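What follows is one structure encoded as structure tokens, with my remarks underneath.
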Amino acid sequence: MPVLRIIEPHGFCSGVKAAVEAAFKALAAPRPDGEKVYCLHELVHNAMVVDELVSRGMVFVQSLAEVPRGATVLFSAHGVSPAVREEAAARGLRTIDATCPFVMRVHREVRAYAARGIPVVIAGNASHDEVAGTAGEAPAGGVFIVDSPGDAAALPLPRDSEIGMVAQTTLGTGDVERIASALRAVFPRLRTTDAASVCYATRDRQKAVTDFVLSGGQGVIVLGSPASSNTRRLAETALAAGARFAARAGTMEEVEALELPPLEVFGVTSGASTPEPFLVSAAARLREKIEKAV
Ligand code: SF4
């Protein structure tokens with residue numbers, strides 16, 4: 001009989017837990033009648049979490065211009081740039097900062113490089129909120145974003161430049177290492193610290209998936225929203241480790257639509273922003289589907 005194992009660790013990381021708690025606390029705090037609590041961008045990249053907060057009255061905005069003067073705004077776990085903080089102060093907004101400490105560590109590193117006039121390379125996706133916030137810590141012209149090893153040679157910097165590297169916290173562990181190697185090959189004076197690697201939660205969840213596959217796991221289902229970088233990386237990690245099947249599902253409808261191949265050992269995991277109750281429900285349904293697929 002085929003089996004479905006729950007891969008550990010999975011689900012909420014410490015940064016997401018803290019951000020969600022901060023959001024519920026803000027919503028529960030007394031405030032004048034009718035006054036809303038705003039959140040700049042998605043608090044975390046999970047539609048269920050966002051929908052739950054919307055149902056409790058949180059208003060998600062894409063820019064501070066949408067927030068009335070003097071209102072309360074939450075900054076998400078992904079962090080914001082200093083320019084956003086300044087704009088919030090200029091508009092008299094009350095801010096609640098849910099930036100994850102591991103993202104703050106990356107910001108600190110960028111500020112330190114910038115203070116010494118060292119250009120910074122961010123390994124990451126330019127359209128991700130976290131990368132936009134991180135990039136804002138360096139002066140314009142002093143920060144470069146690369147999302148693949150092939151980008152290294154095209155950087156408009158002298159080959160003998162001293163360069164500081166940091167990374168988006170939710171990339172693939174191997175992808176970051178390959179970008180660092182490519183950068184070092186072009187720029188021998190590349191500097192890296194812990195801020196040039198993924199965070200512990202991303203690393204541990206990817207390692208758990210790799211270990212599962214290397215110990216005989218054949219198929220991996222990753223639960224989480226498509227916007228979640230670490231969720232997408234978990235599916236890629238499974239395939240890179242040799243899984244014969246890997247798929248993502250963010251809703252019960254997507255779980256229902258999965259076409260599972262007739263394999264013997266499946267695993268289920270979830271991204272760092274995926275609520276545990278969803279994993280419990282999805283795993284129960286997946287077990288039924290897996291038994292039928294034999
Ligand atoms: S994935 Fe890592 S950096 Fe992002 S919120 Fe979680 S612990 Fe923080």
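Setting aside same-chain residues fewer than 8 positions from LYS25, which aspartates and glutamates have a Cα under 13 Å from its Cα?
ASP97
Starting from the Cα of ARG178, move 7 Å in the Cα-to-Cβ direction to define the label point; list residues of region 238-263 whose amide nitrogen is under 15 Å from there.
The answer is 238-242.
Can you work out the Karplus-derived ³J(HN,Hα) for every residue in region 26-33? Use 6.51 cos²θ - 1.76 cosθ + 1.60 with θ = phi - 60°, whole Hz, and x for glycine or proline.
Per-residue couplings from phi come out as 5, 5, 7, 5, x, 8, x, 3 Hz.
If I model a spin label at ALA18 and SER55 as a point 7 Å from the Cα along the Cα→Cβ vector, what separation in nanometres do I get?
2.8 nm
What does the C-alpha gyration tensor say about the overall shape of region 3-157? Classify as rounded when a/c is under 1.5, otherwise prolate if a/b is larger than b/c, or oblate. Don't jump to the answer; show the numbers that get you there.
Values: a/c = 2.43, a/b = 1.32, b/c = 1.83.
The shape class here is oblate.
Answer rounded, prolate or oblate for the chain, using the Cα gyration tensor with square roots of eigenvalues a ≥ b ≥ c: rounded when a/c is under 1.5, else prolate when a/b is larger than b/c, else oblate.
Numbers: a/c = 2.75, a/b = 1.16, b/c = 2.37.
Because a/c hits 1.5 or more and a/b fails to exceed b/c, the chain counts as oblate.
When the chain is fully extended, how far beyond the present Cα-Cα distance does GLU35 get from ALA65, taking 0.36 nm per residue of separation?
Working it through step by step, the gained length comes to 9.2 nm.
How much length is gained if the chain between VAL186 and GLU86 is pulled fully straight, taking 0.36 nm per residue apart and subtracting their Cα-Cα distance, in nm to one decimal?
Numbers: separation 100, 0.36 × 100 = 36.00 nm, distance 3.63 nm.
So the chain would gain 32.4 nm between VAL186 and GLU86.
What longest region of the chain stays clear of GluC sites (Glu not before Pro) that DSSP places outside H, G, I, E and B and that have at most 14 other Cβ atoms within 10 Å?
Here the longest segment lacking exposed loop sites spans 36-258.
Under a point spin-label approximation (7 Å from Cα along Cα-to-Cβ), what is the ASP194-GLU264 distance to one decimal in nm?
About 4.2 nm separates the two model spin labels.
Report the extension gain between LYS289 and ALA154 in nm, rounded to one decimal, defined as 0.36 nm multiplied by the number of residues separating them, less their alpha carbon distance.
43.8 nm
5 Å is the cut-off here: which amide hydrogens, built 1.01 Å from N in the peptide plane, fall below it relative to ILE6, excluding neighbours closer than 5 in sequence?
Amide H neighbours of ILE6: VAL268.
How far apart, in nanometres, would the label points at ASN125 and ASP211 be if each is projected 7 angstrom from Cα along the Cα-to-Cβ direction?
2.6 nm
Can you list the HN-Hα couplings for region 206-223, worked out from phi with the Karplus curve (6.51, -1.76, 1.60; θ = phi - 60°), rounded to whole Hz and with x for Gly and Pro?
Using θ = phi - 60°, the values come out as 5, 5, 4, 5, 4, 4, 4, 5, 5, 9, x, x, 9, x, 10, 10, 10, 9 Hz.
First measure r as the distance between the Cβ atoms of ARG5 and ARG108, then evaluate 1/(1 + (r/R0)^6) with R0 = 35 Å and state the FRET efficiency to the nearest 0.05. Write out the running numbers ahead of the final one.
Working: r = 38 Å, r/R0 = 1.10.
After rounding to 0.05, the efficiency reads 0.35.
Amide H of VAL59: which non-local residues (sequence gap of 5 or more, or other chain) have their own amide H closer than 5 Å, using H built in the peptide plane?
Under 5 Å from the amide H of VAL59: VAL37, TYR38, CYS39.
Rounded, prolate or oblate: which fits region 14-99, taking a ≥ b ≥ c as square roots of the Cα gyration tensor eigenvalues, rounded meaning a/c under 1.5, else prolate when a/b beats b/c? Write down the numbers at each step before the final one.
Values: a/c = 1.66, a/b = 1.15, b/c = 1.44.
Because a/c hits 1.5 or more and a/b fails to exceed b/c, region 14-99 counts as oblate.
Using helices alone, I'd like the mean residue ellipticity at 222 nm for the chain: each DSSP H run of four-plus residues gives -39500 (n - 2.57), total over residue count, nearest 500.
Taken over the chain, the calculation gives -12500 deg cm²/dmol.
Provide the per-residue ³J(HN,Hα) series for region 76-84, in order, calculated from phi with Karplus coefficients 6.51, -1.76, 1.60 and θ = phi - 60°, each as a whole number of Hz, with x at glycine and proline positions.
Going residue by residue, I get 6, 4, 7, x, 9, 7, x, 4, 5 Hz, with x marking Gly and Pro.
For LYS207, give me every one of the aspartates and glutamates with a C-alpha distance below 16 angstrom, ignoring sequence neighbours fewer than eight places off in its own chain.
Qualifying aspartates and glutamates at Cα under 16 Å: GLU8, ASP175, GLU177, GLU236.
Would you list ILE145, ILE6 from fewest to most Cβ contacts within 10 Å?
Working: ILE145 19, ILE6 14.
Result, fewest neighbours first: ILE6, ILE145.
Got a sec? How would ARG111, ARG233, ARG116 order by Cβ neighbour count within 10 Å, fewest to most?
ARG116, ARG111, ARG233
Laboratory data are not the source of any read-out in this text; all were calculated from the coordinates shown. Not measured: the values here are computed from a predicted model. Backbone-built Cβ (ideal geometry, glycine too); neighbour counts: all protein chains shown.
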